[in-house]
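Take a look at the structure set out below.
The values are calculated or read from the model by the stated rules, or taken from the named source; none is laboratory data. Only a predicted model underlies this, so the values are computations on that prediction, with no experimental measurement involved. Ideal geometry is used to build each Cβ from the backbone, glycine not excepted, and the neighbour counts take in all protein chains shown. These accessible areas exclude ligands, DNA and RNA; they are computed on the full protein's heavy atoms, side chains included. Shrake-Rupley method; radii C 1.70, N 1.55, O 1.52, S 1.80 Å.
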Amino acid sequence: MNDVTPSSAERAEKLQGMGCKRKRVEDIRFVQGKGSYVDDLKLPGMLHGDLVRSPYGHARVRKIDAAKAKALPGVVAVLTAADLKPLNLHYMPTLAGDVQAVLAEEKVLYQNQEVAFVIATDRYVAADAAELVEVEYEELPALVDPFKAMAPGAPVLREDIKDKTDGAHGKRKHYNHIFAWQIGEKEATDQAFRKAEVTVKELISYQRVHPCPLETCQCVASFDKIKGELTVWGTFQAPHVIRTVASLISKIPEHKIHVIAPDIGGGFGNKVGAYPGYICAVVASIVTGRPVKWVEDRIENLSATSFARDYHMTTEIAATKDGRVTGLRVHVLADHGAFDACADPSKWPAGFFNIVTGSYDFPVAHVAVDGVYTNKAPGGVAYRCSFRVTEAAYCIERAMDILAQKLGLDPAELRLRNLIRREQFPYQSALGWEYDSGDYHAALKKAMDAVDYRALRAEQKARQEAFKRGETRELMGIGVSFFTEIVGAGPSRNCDILGIAMFDSAEIRIHPTGAVTARMGTKSQGQGHETTYAQIIASELGLPADDITVEEGNTDTAPYGLGTYGSRSTPTAGAATAMAARKIKAKAQMIAADLLEVSEYDLEWDVDRFRVKGNPERFKTMKELAWAAYNRVPKGLEPGLEAVNYYDPPNMTYPFGAYICVLDVDVDTGVCKVRRFYALDDCGTRINPMIIEGQIHGGLTEAFAIAMGQEIRYDEIGNCTNPSFMDYFLPTAVETPKWETDWTTTPSPHHPIGAKGVGESPNVGGVPCFANAVNDAFKFLGSTHIAMPHNHWRTWTVADKLGLHG
Amino acid sequence: MAKVQVTMKVNGAPAEGLVEPRTLLIHFLREQLNLTGAHVGCDTSHCGACTVDLDGRSVKSCTMFAVQADGADILTVEGLAAPGGTLHALQEGFREMHGLQCGFCTPGMLTRGYRLLEENPRPSEDEIRAGIAGNLCRCTGYQNIVKAIQYAAARLAGAPVKEAAE
Amino acid sequence: MIPGAFAYHRPKTVKDAVAMLSELGPDARPLAGGHSLIPMMKLRLSSPAHLVDLRAIGELKGIRAEGAEVVIGAMTTQHDVIADSMLAARLPILRETALVIADPQVRYVGTIGGNVANGDPGNDMPAVMLCLGAVYQVAGRKGERRIAARKFYEGAYMTALEPGEMVTAIRIPVPPSGHGAAYEKLKRKVGDYATAAAAVVLTMSGGRAATCSIGLTNLAETPLWAEEAAKAVVGTTIDAAAVKKAAAAAEAIASPASDNRGPAEYRKKMAGVMVARALARAKTRAG
Ligand SMILES: Cc1cc2nc3c(=O)[nH]c(=O)nc-3n(C[C@H](O)[C@H](O)[C@H](O)COP(=O)(O)OP(=O)(O)OC[C@H]3O[C@@H](n4cnc5c(N)ncnc54)[C@H](O)[C@@H]3O)c2cc1C
Ligand code: FES
Ligand code: FES
């Protein structure tokens, strides 16, 4: 090597490949206001749709009179169920095997349910017209409490299926019952409880919340009558799935449907499903022959599109006196709202809730879940988590704290006694998962050292004494959580959506000049895929990331994929990207061998080139090989340099982490102030540490919001009482704590680059950490479990019940 | 309702249009002037995604009628970069410090950050947090937005900038 | 969310504004900063047929001292209130209150006149005005009149303004120098109205409270002037027992609604806590 040839390290750095803090490509347009989001789209002749919604939680629709609305100048049409029924579009299938009303036919089942769709020349006229649609309702008793759903004599919600005895997952127990699902060994678990030295039991409820991205759900549908083709631009986290569903529903052949997800203003699970507004816009475009835009407002978003959680988990742990867990038993009552529009892989009606044994070595466990209908908005999406994993993590992490309290053990100590040990990986969990890799003890100990856990506990003890002496009105709480996420859905043997296996895909084309266009089946909503996928390719192929364009979201050009949610992009499409790159590299190697007139086996890879072993002066760079692929390929080889990979992951990946929170509770107002939050994450190989840290900040902030204030509330007659930013808690920069982040790296052994996925871990681990901290503050006074969210008045009420207000 | 003529200066150039009195400024900017940088994120004037600079004040353009802005001098995110295309220190800071993810809040954050720094060129972290409390972000957790504004403040003051985001 | 249609007017003088308001009748509303009115219009909770924009009326702006009073023009924004050094020195409670109203954008545009005239019990300035004994200067077709803040609020969104009348300025008697004042507001986050809030202005003499006045925000259909609570501390050293009495007196007159900030019972208790904290802070500030 001479002076002018940069060293391998220098060349590697120039590539901006994996592991570097590459600045994001997407930012260039976003910081200049040049992103292209759905509502930015303007098509010639475009009309605007607006929905008329039900003011009632449960009512019979007696009559809809749209005459006044239709008479308003600028109104083009008004659609109701009567118009959709002949097309068989008044109901649409849900991902969970149920159907959902597109426009209400005979009954409305939740407040703000879609009743009519007004189409007008501009959005102002559409809004005026929506007010003019007259609907006569007959109010019915609303069912709001899921615990009363299966009571005898409970109101019948779903008249359309009331005689259906079978649900999507077996027999229904009641007309408001959706499904029952169980997993684990019941008898062995019951046995463990019978023999247990210590047991704890608690109803742990995770309130209904909403993912609430800053951009609401919206679309533009444009039907070309002459070509018989439909184009839909929309806020879709999974554009290909939308295309397939659209084709199945509309009977338009799939190749004549073009689904485009442009820039998306955050998703967090909210934009996985299909909503009535989309169907209405499509039908409206077909009916009017013009493009139709539908943009949801915030109130509609919070009150009518997919909620998350609403899980009521009766949780029991069996253990020995010295704090070894021997069994876990959970019964979940799942409130799915008026239609089962849960976005889970088809075989998993409770998502991956069976990750509920968490990070602990439970010998046996059993989980049973019952889903019920109530007069609330449909949904059940994974709000910044993998399917029902946040619920599971909250459940087990609260329960472990409750057990620690009963045993008089420090919560961190109880965890250390029960964490799965490093040598147990790959670890078979009692509820059927195979955890890929981890070093849990190292992670928890690192976290405890980082915050000086013992000193914190000592400080807490002193503060408690001071509180008892009346010297302070603040209580200090320390929350510990250790979580195992399960992401990257998923292997085709157990994961599908509507029968489509949950693989993901990448297509990479190397152009003659060495520039690259790559397309994936996933869809970024802020995760920075354009930046990180290019880093994977840069490292794999030795071409600079800046020469690589990553495209997603256009079903015409991108290979079929299942989209982005459940932190699946890196584990699936990220893997597909590496695999496709490796195919290209293999071909490039053949070309290099030919050009250098050596055998392929005499070549070795060096950052951006193949060189002859033992003779590094003789090499061909990838850029040269790209040219050669189009210019002069060896005999018998096709020209060109591109590859596609559809990656069916062999297993899920299992990111994990240890979080510690310190907060102070003002017992007189109930205000909790987070003093410190430390988050250690292990997401395997780190592709872009800057982006990982950003994802963790965001996820922790959402976790903070959920734990401390978010809740979609209904009153007893089914009114949603807080569907706006006035009441739905989105913290500002002032309330949001400062985050300390840290990491360990345990690569996934089965993933091509060892990456596990990260975006959602902080939500999974964060929520129980905050909750445990609040609970911990009150624990010494005898409190065992406080329900979320820990907003001011709830926290104050706890203090009040403990007699702290004199 | 009869339309009325409005005239204003937007990003240094004259702009005019016919609007209904009820036309919200955000819709006038986005739909009539095709300045789609500022966004609508809520109905209740809480999110700040629609923030623009108007006569030296940060305003939520969803809570103002275009007629109220008649005669005003408006700066939107599209007008932040220098005419030659050089990014404003704030735009650079947001990219350097990873102050954005989905980018939906970003135009509002940038225009708000602009006014904040005009009024207080070297704000403390707490002042920045209070200063952007009218702008919600769902993605970043604000920490890197704070760093981005600090970066810009340092750059504008000619001071050395801190190392890039972790 | 799209407001209903209306006609827009922009008078240049108070006289013209008042004439328009009277002529156009009850369907006409003054438009100040619009940051209470426009959100209501977007939700179609309010659909005035005419808006009379006050922003071109120069005489409604400005902050000035007039003898023992400070006079603040109705169109003065909360941002202007925060930035004014004379106010900061003579009436620091106004700055403290304005800073806990909404967020920077809202404060740039929202006016003090709109805040006091709106009649929303959630607005923060009215309780401060009750506490300070402010007087609203009002113009109507029949001319000018003055209404004491303590007589102004009649119910939620109901005030002593007659149809066609508008607030032109707020006249505030400046408390003696050396007074102590505080505004304590409990809220869920920046941009939220108060769960409960209390304004306190007091003077101390020989270690004892010589005068005290207390106002409460968002604890009833109107802002409250808590006379009994104030009486409970006058003549005391503002010791724990007196504070407790004052807090109890504030709770006794509070009748908040249950809402997403908490059940009525909690919000009532917070009235007491805010009064206690405001008293403590005002006392330390009195010199
Ligand atoms: C997100 C958000 C949060 C907020 N938080 C708070 C808060 O915490 N505390 C708080 O106090 N306020 C809050 N506000 C309200 C804000 O302070 C308003 O600006 C203020 O209440 C009204 O002032 P305005 O100038 O905007 O009035 P406008 O909205 O223009 O008018 C309000 C009402 O008063 C009438 N009016 C206006 N001026 C006059 C006048 N001179 N004479 C007679 N009638 C008049 C109008 O016709 C209208 O009915 C918030 C607003 C928003 C958008
Ligand atoms: S759109 Fe949310 S404040 Fe303007
Ligand atoms: S970057 Fe997505 S909302 Fe801020």
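Given (1) more than 10 Å from chain B (Cβ to nearest Cβ); (2) closer than 30 Å to residue A:724 by Cβ; (3) within 10 Å of ligand 1 (Cβ to nearest atom), where does residue C:57 come up short, assuming only one miss?
(2)
Kindly indicate which of A:138, A:185, A:131, A:197 is touching a His at 6+ places or on another chain (Cβ under 7 Å) and either of a type in the set (A, V, I, L, M) or open to solvent by 10 Å² or more (accessible area, probe 1.4 Å) (or both).
Criteria check complete, one pass: A:185.
Search segment B:138-153 for residues being open to solvent by 10 Å² or more (accessible area, probe 1.4 Å) and not basic (Lys, Arg), and hand back the single one that is nearest to the other protein chains (Cβ to nearest Cβ).
Only one residue fits best here, namely B:143.
For the subset of segment B:9-34 comprising residues that are within 14 Å of chain C (Cβ to nearest Cβ), more than 16 Å from ligand 1 (Cβ to nearest atom) and assigned to a strand (DSSP E or B), which member is farthest from residue C:5 (Cα to Cα)? Walk me through how you get there before you give the answer.
Of segment B:9-34, the ones within 14 Å of chain C (Cβ to nearest Cβ) are B:18-28, B:30-31.
Still in the list and also more than 16 Å from ligand 1 (Cβ to nearest atom): B:18-20, B:23, B:27-28, B:30-31.
From what's left, assigned to a strand (DSSP E or B): B:18-19.
Details: B:18: 15, B:19: 12 Å.
Result: B:18.
Please state which of the following conditions residue C:229 fails to meet, knowing it meets all the rest: (1) more than 14 Å from every other protein chain (Cβ to nearest Cβ); (2) more than 28 Å from residue C:90 (Cβ to Cβ); (3) assigned to a helix (DSSP H, G or I).
Unmet condition: (2).
Just to be sure I understand the filter: pairs with C-beta atoms under 9 Å, separated by 6 or more residues or on different chains, first member in segment C:1-26 and touching a residue at least 12 places away in the same chain (Cβ under 8 Å), second member open to solvent by less than 40 Å² (accessible area, probe 1.4 Å) and hydroxyl-bearing (Ser, Thr, Tyr). Which pairs pass?
C:1/B:44; C:2/A:124; C:3/A:124; C:3/C:46; C:4/C:46; C:14/C:168
Would a scan of segment B:37-47 turn up a residue that is more than 10 Å from every other protein chain (Cβ to nearest Cβ) and touching a residue at least 12 places away in the same chain (Cβ under 8 Å)?
Looking through segment B:37-47, none of the residues is more than 10 Å from every other protein chain (Cβ to nearest Cβ) and touching a residue at least 12 places away in the same chain (Cβ under 8 Å).
Return the pairs, sorted by first residue and then second, in which the second residue is aliphatic (A, V, I, L, M) and buried (at least 24 other Cβ atoms within 10 Å of the Cβ), the first residue lies in segment C:111-132 and is without any contact (Cβ under 8 Å) to a residue 24 or more places away in the chain, the beta carbons are less than 8 Å apart, and the residues are 6+ apart or on different chains.
From residues that are without any contact (Cβ under 8 Å) to a residue 24 or more places away in the chain, there are no pairs.
Could you check how many residues of segment C:65-75 are more than 14 Å from every other protein chain (Cβ to nearest Cβ) and either within 23 Å of residue C:106 (Cα to Cα) or within 16 Å of ligand 2 (Cβ to nearest atom) (or both)?
The qualifying residues number 4.
What are the pairs, 6+ residues apart or on separate chains, where a residue within segment A:429-440 that is closer than 18 Å to residue A:658 by Cβ has its Cβ under 7 Å from a residue that is among the aliphatic types (A, V, I, L, M)?
If the second residue must be among the aliphatic types (A, V, I, L, M), the pairs left are A:435/A:420; A:438/A:420; A:440/A:419; A:440/A:420.
Taking into account only those residues within segment B:107-134 that are within 27 Å of residue A:36 (Cβ to Cβ), out of contact with any Pro (no Cβ under 9 Å at 6 or more places or on another chain) and within 16 Å of ligand 3 (Cβ to nearest atom), which is nearest to the other protein chains (Cβ to nearest Cβ)?
Here is the first cut: in segment B:107-134, the ones within 27 Å of residue A:36 (Cβ to Cβ) are B:107-115, B:132, B:134.
Those still in the list that are out of contact with any Pro (no Cβ under 9 Å at 6 or more places or on another chain) too: B:107-111, B:113-114.
Within this subset, residues satisfying the condition of being within 16 Å of ligand 3 (Cβ to nearest atom) are B:107-111, B:113.
Working: B:107: 5, B:108: 9, B:109: 10, B:110: 7, B:111: 9, B:113: 11 Å.
Looking at residues that are within 27 Å of residue A:36 (Cβ to Cβ), out of contact with any Pro (no Cβ under 9 Å at 6 or more places or on another chain) and within 16 Å of ligand 3 (Cβ to nearest atom), I get B:107.
Specify which of the listed residues (A:244, A:231) is assigned to a helix (DSSP H, G or I), outside the structural domain of residue A:379 (by TED's automatic domain parsing) and either touching a helix residue (DSSP H, G or I) at 6+ places or on another chain (Cβ under 9 Å) or modelled with pLDDT of 95 or more (or both).
Unique residue meeting the criteria: A:244.
For segment C:38-49, give me each residue that is in contact (Cβ under 8 Å) with a residue 24 or more places away in the chain and open to solvent by 20 Å² or more (accessible area, probe 1.4 Å).
C:43, C:44, C:47, C:49
When segment A:315-343 is examined, which residues are found to be surrounded by fewer than 23 Cβ atoms within 10 Å (Cβ to Cβ) and assigned to a loop (DSSP other than H, G, I, E, B)?
Listed by number, the residues that qualify are A:320, A:321, A:322, A:323, A:324.
Considering each of A:725, A:677, A:729, A:704 in turn, give the residue that is within 30 Å of residue A:21 (Cβ to Cβ) and over 17 Å from the mean Cα position of the chain (by Cα).
Selected residue: A:677, the only one of A:725, A:677, A:729, A:704 that is within 30 Å of residue A:21 (Cβ to Cβ) and over 17 Å from the mean Cα position of the chain (by Cα).
Inspect all residues belonging to segment B:61-79 and state whether any of them is within 16 Å of ligand 1 (Cβ to nearest atom) and out of contact with any helix residue (DSSP H, G or I) (no Cβ under 8 Å at 6 or more places or on another chain).
Yes; the residues of segment B:61-79 include at least one that is within 16 Å of ligand 1 (Cβ to nearest atom) and out of contact with any helix residue (DSSP H, G or I) (no Cβ under 8 Å at 6 or more places or on another chain).
Got a number for residues in segment B:48-61 being away from ligand 3 (no atom under 16 Å from the Cβ) and within 14 Å of chain A (Cβ to nearest Cβ)? Show your work before the answer.
Step one: list which residues in segment B:48-61 are away from ligand 3 (no atom under 16 Å from the Cβ), which gives B:52-59, B:61.
Filter once more, keeping what is within 14 Å of chain A (Cβ to nearest Cβ): B:52-53, B:61.
Looking only at that region, the number is 3.
What number goes with the only condition from (1) open to solvent by 20 Å² or more (accessible area, probe 1.4 Å); (2) away from chain C (no Cβ under 14 Å); (3) touching a helix residue (DSSP H, G or I) at 6+ places or on another chain (Cβ under 6 Å) that residue A:717 does not pass?
Of the numbered conditions (1) open to solvent by 20 Å² or more (accessible area, probe 1.4 Å); (2) away from chain C (no Cβ under 14 Å); (3) touching a helix residue (DSSP H, G or I) at 6+ places or on another chain (Cβ under 6 Å), the odd one out for residue A:717 is (3).
Among the residues of segment C:253-278, which ones are in contact with a Lys or Arg (Cβ under 9 Å, 6 or more places away or on another chain) and either part of a loop (DSSP other than H, G, I, E, B) or open to solvent by 10 Å² or more (accessible area, probe 1.4 Å) (or both)?
Listed by number, the residues that qualify are C:254, C:255, C:256, C:257, C:258, C:259, C:260, C:261, C:276.
Being away from chain B (no Cβ under 14 Å), surrounded by fewer than 24 Cβ atoms within 10 Å (Cβ to Cβ) and aliphatic (A, V, I, L, M) is the filter here, so list the residues in segment C:183-208 that pass it.
Answer for segment C:183-208, where residues must be away from chain B (no Cβ under 14 Å), surrounded by fewer than 24 Cβ atoms within 10 Å (Cβ to Cβ) and aliphatic (A, V, I, L, M): just C:204.
So which residues in segment A:610-640 are closer than 22 Å to residue A:509 by Cα and open to solvent by 60 Å² or more (accessible area, probe 1.4 Å)?
Listed by number, the residues that qualify are A:623, A:624, A:627, A:630, A:631, A:632, A:635, A:636, A:638, A:639.
Quick check: anything in segment A:733-754 open to solvent by 20 Å² or more (accessible area, probe 1.4 Å), within 14 Å of chain C (Cβ to nearest Cβ) and either of a type in the set (A, V, I, L, M) or within 28 Å of residue C:43 (Cα to Cα) (or both)?
Checked segment A:733-754: at least one residue is open to solvent by 20 Å² or more (accessible area, probe 1.4 Å), within 14 Å of chain C (Cβ to nearest Cβ) and either of a type in the set (A, V, I, L, M) or within 28 Å of residue C:43 (Cα to Cα) (or both).
Taking residue A:507 and the conditions (1) surrounded by fewer than 24 Cβ atoms within 10 Å (Cβ to Cβ); (2) within 19 Å of the chain's Cα centre (by Cα); (3) closer than 21 Å to residue A:261 by Cα, which numbered condition does it fall short on, given that it satisfies the others?
(2)
Hey, does segment C:29-37 have a residue that's at the interface with another protein chain (Cβ under 9 Å from one of its Cβ atoms), modelled with pLDDT of 95 or more, away from ligand 2 (no atom under 16 Å from the Cβ) and surrounded by 15 or more Cβ atoms within 10 Å (Cβ to Cβ)?
Among the residues of segment C:29-37, at least one is at the interface with another protein chain (Cβ under 9 Å from one of its Cβ atoms), modelled with pLDDT of 95 or more, away from ligand 2 (no atom under 16 Å from the Cβ) and surrounded by 15 or more Cβ atoms within 10 Å (Cβ to Cβ), which makes the answer yes.
Checking the condition away from chain C (no Cβ under 14 Å), within 20 Å of the chain's Cα centre (by Cα) and open to solvent by 10 Å² or more (accessible area, probe 1.4 Å), which residue from A:782, A:765, A:759, A:709 passes?
Result of the check over A:782, A:765, A:759, A:709: A:759.
Looking for something more than 16 Å from ligand 3 (Cβ to nearest atom), modelled with pLDDT of 95 or more and farther than 15 Å from residue C:125 by Cβ - is there at least one such residue anywhere in segment C:92-101?
Initial filter on segment C:92-101 (more than 16 Å from ligand 3 (Cβ to nearest atom)): C:92-101.
Next cut, modelled with pLDDT of 95 or more only: C:92-101.
Then keep just the ones that are farther than 15 Å from residue C:125 by Cβ; that gives none.
No.
What tally of residues in segment C:95-110 results from selecting those that are in contact (Cβ under 8 Å) with a residue 60 or more places away in the chain and not charged (D, E, K, R)?
The number of residues fulfilling the criteria is 6.
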